[in-house]
Amino acid sequence: MDETFKPSRRAFLRGSAAAAAGSVAGAAAANGADPLITELQDWASYTGAGVDETPYGMPISFESHVVRRNVEWLTASPISSINFTPIHALDGTITPQGCAFERHHSGAIELRKEDYRLMINGLVDRPLVFTYEDLERFPRENHVYFCECAANTGMEWAGAQLNGVQFTHGMIHNMEYTGVPLRTLLREAGADIALDKWVYVEGADASSNGRSIPMEKALDDVLVAFKANGEALRMEHGYPVRLVVPGWEGNMWVKWLRRVEVTDMAVESREETSKYTDVYADGTARKWTWVMDAKSVITTPSPQMPITHGPGPLVISGLAWSGHGQITRVDVSKDGGITWETARLGKQGDTKALTRFYLDTEWDGAPMLLQARAMDETGYVQPTKEQLRDQRGENAVYHNNCIQTWYVNAEGIAENVEVS
Amino acid sequence: MSKSPNIFIPALAGTAGILGVAFAVTSRDYGADKIRALETRMGQVEAQASAASEKASVEAQRAAELELKIAEVQAAASQRVASLTAPAPAVEGTYGIGRPALDEEVAAWDVDVLPDGRGLPAGGGDVFTGEEVFAEKCASCHGDFAEGVDNWPVLAGGFDTLADEDPVKTVGSYWPYLSTAWDYIHRSMPFGEAGTLTADETYAIVAYILYSNDLVDDNFELTRENFADFNMYNMDGFTVDDRPEQEYAAWRAEPCMENCKDEVQVTMRSVFLVDTPPEGGSDSVMNPASIDGLPSFTAAGPSFIPEAAPKPAPVVQKAAVTQPAAPDLMEAGEKVFKKCKACHQVGEGAKNRSGPHLNGLIGRTMGSVDGFAYSSVFAAALDEGRIWDEAALAEFLAKPKTYMKGTKMSFSGLKKDEDLAAITAYLKSYGE
């Protein structure tokens, strides 16, 4: 490091701290009385909205920018496309359904509960048809799980691409599901549940999006879900019934679930051959890469969430998750991975669900290279982009769980970068 | 746990205090009466004290018992909570919910085809037939030779590109099983009219796609019988997930916390800056900034603080504080048209895709675009000379299948009046 830069750094810090103190209301002595306090405000005098003004409430208008967004040029048509959860603007862990990302292969369909049928057939003693009402008569469970598209962060393999955590990491949501364990339905039909068997699941939409799931997983924690965060699923998430495949890639969470077939081999459908297979540098590909490995990302500060308050106390916050179980630790670096500090978990991580982390720190106003690194209960440590590329090359598209870097400059503006 | 016995300690201490006072009194030299009286008093106090201490010990015992009881209750309660959060109960046997699936129902839905060809219906089709069907039903998106139009998927070519920087993954170059192509096309294509291809058409199309990939001759016919003999080009190109061996073992080490690197440099900046307008969506523009002039980092911090950092255009979101201005119909219409874009083009140079081009629509005779193969209901409308006006368009777009019974436009309809108004304004802007 060049010594001559040091004095100017200190001088700069002094300067920017002083400037910041002036600009941040309430940080120091107030510049005269605040009219928001001393003057009678309309909202403190007139009455507000009555009950029932919005029978189903939407976020207040000031929050109307916190919405899903797509990147049009990524796909040929919005009917077979993707948009992204505004994770930069959320806190805690639960994703409200209305802003949880969507991915459709033939558009979101409107399917009434009355028109809903679920068939179980194949290697079963009793091929069965269930109505929606039937499903509600089986014992059901509640679980919080993350759903991450295998292509989340997929744009970033070959380099830093999109400037916003919503776009680099927003193909994820985390909800509390209510549903019937798939094993209950398999048992009801008298399925052959030998562990070399598979279930093939498909949706009622035009794409049908069929996927094969090995029996061991089907008997483990897969849910046939009909509620999320306490209310009916949204159309775009598969109303009235979707499959929940905890910890595994989102494409397997078949929406508008209409059929479960027990088979003696994987169907090798388009979604598990042409797509959702990971091409290595040598041109061979990995298939059946179902589990989403441990991953984390800082959501604030991030390109859409610059630091606006100047130097002083700063909360660095983000999300961590693992398809292998619980998140046990998240470390944060402010210098691009030279030094790491262990962050505080908002609460003990649920298995296969988002965990919120915080690093409560002091910002001196100097640039930072922010990174987060997750560890899960298996001891797995989230890899760097370098480690992933060494293993897999740059064309894998799917399963990019690399450590993400944000460059935060002295003004507090953050940008998606790659580091040595 | 040990809280409850403590409650009795102040009681015992009180008794001891009384005793202490009594003993102190006996040491004084008073008259015999006084002494007798005091002895009596002392007897009383002692009796009282011993009664109190007995009471205390009984109470302590009672407390210990209660303590035990509490522990029991707590244990029972925690067991009850555990059983409350247990998985849904497993019953022996079944619940008897649901009804048997009928054979014809299973036949209707169970159409998947396995890699070994099980599930294929009887039939066959040749390359020539396939070329015709493909031109009619697929080429508008995938190109006459399956080479892909615009952003739509490429289905042919790309051989020996899988190890390149931009691998071209097509049915020919990448797909390991032919069954996948048959199954997917039969159930999910054409996009917007899934499930309408016959078995023979599907055999023919698949034969044609193999031909476009130079994998068969032009006289090839694909049938259920010769299906399993066909080996795909990339059939050995896949390995089953081996992350556990290749990666997990090595990536479970305790991570480094300090001095993990000597120096860190920014090697690349975001290619796209993304603007997020209040009305939704996003606009991305190339980031002009370079990595020159950014500090490097060591354990001591950044090498310097760039005063005039080349800052990216701010991507700070503007909250829509005021109500959005009355929505511009044209803009709204352009948005609605995204729902039509998969099948229709409009504007200069618009061609027929899987639907006819929509230039000069209002005032146009229904079913009248040259070179587009309409369904019979549109052919009939043409014969009757029916004209598209705003009302007819709105009615059609609200419920295409009701307004034009038998139309091959696979579109469920626009539900909102404002969408109908917007799309009409938008289409009108391309001529009346």
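Across the cross-link table entries A:K255/A:K385; B:K351/B:K408; A:K287/B:K169, which are compared at the Cα atoms, the separations over 22 Å belong to A:K255/A:K385. About the centre of its Cα atoms, region A:155-276 shows a dipole size close to 300 debye [charges on the beta carbon of Lys, Arg (+1) and Asp, Glu (-1) only; nearest 20 debye]. Of A:A194, A:P240, A:G122, which is farthest along the charge dipole of region A:69-287 in the positive direction, counting Lys and Arg as +1 and Asp and Glu as -1 at C-beta? The residue sitting farthest along the positive end of the dipole is A:P240. Peptide A:373-385 has a mean of 3 when you count, residue by residue, the C-beta atoms of other protein chains within 10 Å of its C-beta. Buried accessible surface for the A/B pair, both sides summed and rounded to the nearest 100, is 10100 Å² with a 1.4 Å probe.
Note that chain A presents 36 Å² accessible area per residue, ligands and nucleic acids not counted, probe 1.4 Å. Adding -39500 (n - 2.57) for every DSSP H run of four residues or longer, then dividing by how many residues the protein assembly as shown holds, sets the calculated 222 nm ellipticity at -8000 deg cm²/dmol.
Taking all protein chains together and a 1.4 Å probe, the residues B:M232, B:M330, A:M265 rank B:M330, A:M265, B:M232 from largest to smallest accessible area. With an a/c value of 1.5 or above and a/b larger than b/c for the gyration tensor axes a ≥ b ≥ c computed over the alpha-carbon atoms, the protein assembly as shown is described as prolate. A 1.4 Å probe run over region B:181-239, with the rest of the protein chains in place, finds 44 Å² accessible per residue. Accessible-area loss of 40 Å² or more (1.4 Å probe, protein heavy atoms, chain alone versus all protein chains) is found in region A:116-132 for A:M119, A:P127, A:V129.
Other protein chain C-beta atoms within 10 Å of residue C-beta, averaged over A:265-277: 6. What you get for the protein assembly as shown, charging only the Cβ of Lys and Arg (+1) and of Asp and Glu (-1), is a dipole of about 2980 debye around the Cα centre. Name the longest site-free stretch of chain A, where the excluded sites are trypsin sites (Lys or Arg not before Pro) in a DSSP loop with no more than 11 other beta-carbon atoms within 10 Å. Within chain A, the longest run free of exposed trypsin sites (Lys or Arg not before Pro) spans A:113-346. 3J(HN,Hα) along region A:365-380: x, 8, x, 9, 10, 8, 9, 10, 9, 9, 10, 10, 5, 8, x, 5 Hz, from the Karplus curve 6.51 cos²θ - 1.76 cosθ + 1.60 with θ = phi - 60°, whole Hz, x for Gly and Pro. When the Cα gyration tensor is reduced to axis lengths a ≥ b ≥ c, the ratio a/c is 1.5 or higher for region B:230-276, and with a/b not above b/c it is classed as oblate. Relative contact order, whole percent, for region A:69-287 stands at 23, derived from Cα pairs under 8 Å and 6 or more residues apart.
For the segment B:108-117, counting C-beta atoms of other chains within 10 Å of every residue's C-beta and taking the mean gives 5. What shape does region A:295-416 have by the C-alpha gyration tensor, where a ≥ b ≥ c are the square roots of the eigenvalues, rounded means a/c under 1.5, and otherwise prolate means a/b greater than b/c and oblate the rest? Because a/c hits 1.5 or more and a/b fails to exceed b/c, region A:295-416 counts as oblate. Rounded to the nearest 20 debye, the dipole size of region A:69-287 about its Cα centre is 240 debye, using +1 on the Cβ of Lys and Arg and -1 on the Cβ of Asp and Glu. Residue ranges B:241-247, A:85-91 sort as A:85-91, B:241-247 when ordered by packing (mean number of other C-beta atoms within 10 Å per residue, highest first).
When a 1.4 Å probe is rolled over the protein heavy atoms, the share of accessible surface on the protein assembly as shown that falls to carbon and sulfur comes to 55 percent. A simple rule links phi to the HN-Hα coupling: the Karplus curve 6.51 cos²θ - 1.76 cosθ + 1.60 with θ = phi - 60°, which for region B:365-374 gives 6, 4, x, 10, 6, 4, x, 9, 8, 6 Hz, with x for Gly and Pro.
The values are calculated or read from the model by the stated rules, or taken from the named source; none is laboratory data. Quick caveat, the model's predicted, so the values are computed rather than measured. Counting neighbours? That spans all protein chains shown, and the Cβs are built from the backbone with ideal geometry, glycine included. All accessible areas refer to the heavy atoms of the entire protein, side chains included, with ligands and DNA or RNA removed. Shrake-Rupley method; radii C 1.70, N 1.55, O 1.52, S 1.80 Å.
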